[in-house]
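A short worksheet on the structure shown next.
What follows is calculated from the coordinates using simple rules that are stated; it is not laboratory data. Computed from a prediction, not measured in an experiment: that's the story for all the values here. Cβ sites come from the backbone with ideal geometry, for glycine too, and all protein chains shown count toward neighbours.
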Amino acid sequence: MARMKRLNNVKCFLLDMDGTVYLSGEVIEGAREAVERMRRRGRVVFLTNNTSVSRADYVLKLSRMGFDAEPEDVYTAGNATADYLKEYHGGKKVFLLGTDSLRAEFGGAGIPLCADNPDLVVIGFDTSLTYKNLTAACDFIREGVPYLLTHPDINCPKKDGYMPDVGSFAALIKTSTAREPFIICGKPHKPIADGVKKLTGFLPYETAMVGDRLATDMAFAKNNGFISVLVLTGATSKSDLKQSGASVDVVLDSVAFWDI
Ligand SMILES: [Mg+2]
């Protein structure tokens, strides 16, 4: 069976977190055991678009939930953005709309941050957003400073609903400045795929993306040649999948059912 043959090649698992291994802070039943099975086959990387929280914060969060995780087992759109900036815009001064966690992450990566005269503006998931910083970012962008988004998500899930995320900030910024971002780094876009390939060293056909969202996780797999594994424990139901007409390689009721 061609599909089984393809799955047997998988040596690297990119695991979305919210909706995939936990939901609203609760571990999905059987997820820890599934992660251990995946580790026996190869490498597991927890991959998230959330840029309000650092890699170190995720290591702590995962460890508290009983998942073994070292810093190199986690990769966020914030890490992808930092790696992209180092590779293509080394030394450029960045005005960052972001949390202290993201600031620390960029600082640790050696990216020069500034409050005035930036070369670039980066829009992250700034859950500590102030009107003053939002206005400053829009001023720079309106004056012609290029800007990028750490990821495209419009909303971030929280208990009982959603919080406006970077995609929503971007709608406001675009309306105010009439300018578009020059790149987006998180899923489903290329910079985070380049970053993760560099981190793991595995080829696309050896890599499976396991996640709960069609527009980010599954599109990311498709765009980059990864095996796509949709789990139905989060944002997407069986009928959503049917309605979307999207094709994915594997559909699982839960990550717990991964048994290869
Ligand atoms: Mg998710």
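Tabulated values for the structure
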| read-out | value |
| --- | --- |
| Alpha-carbon Rg/Rh ratio, for segment 61-100, with Rh computed the Kirkwood way | 1.12 |
| Separation of alpha-carbon centers, segment 121-153 and segment 78-119, rounded to whole Å | 12 Å |
| Placed amide H near Thr127: partners under 5 Å, 5+ positions off or other chain | Thr99 |
| Amide H partners (placed H, <5 Å) of Val74, local residues excluded | Phe46 |
| Sorted largest first, extent of the chain alpha carbons per principal axis (Å) | 57, 36, 34 |
| Of Lys197, Lys222, Lys132, the one that fluctuates the most in a GNM where the chain has Cα springs shorter than 10 Å | Lys132 |
| DSSP-defined beta bridges in the chain - what % are antiparallel, rounded to 5 | 15 percent |
| Cβ-based exposure ranking for Ile28, Ile184, in which fewest neighbours within 10 Å come first | Ile28, Ile184 |
| Estimated FRET transfer efficiency when R0 is 25 angstrom, pair Val27-Thr130 (beta carbons, to 0.05) | 0.15 |
| Rounded to 5, the percent of DSSP beta bridges in segment 90-184 classed as antiparallel | 30 percent |
| Most fluctuating residue given options Gly195, Gly245, Gly108, as computed from a GNM of the chain linking Cα atoms under 10 Å | Gly245 |
| Under 24 Å between alpha carbons - lysine pairs in segment 90-184 that sit 8 or more apart or on different chains | 5 |
| Of Leu129, Leu232, Leu47, the one that fluctuates the most in a GNM where the chain has Cα springs shorter than 10 Å | Leu129 |
| Shape of segment 144-223, Cα gyration tensor, a/c cut at 1.5 | oblate |
| Environment charge at Asp153 (Cβ cut-off 15 Å; Lys +1, Arg +1, Asp -1, Glu -1) | -3 |
| Potential extension, Ile260-Ala109 segment - 0.36 nm per residue separation minus Cα distance | 50.7 nm |
| Rotationally averaged projected area of segment 90-184 (alpha carbon convex hull; nm²) | 6.1 nm² |
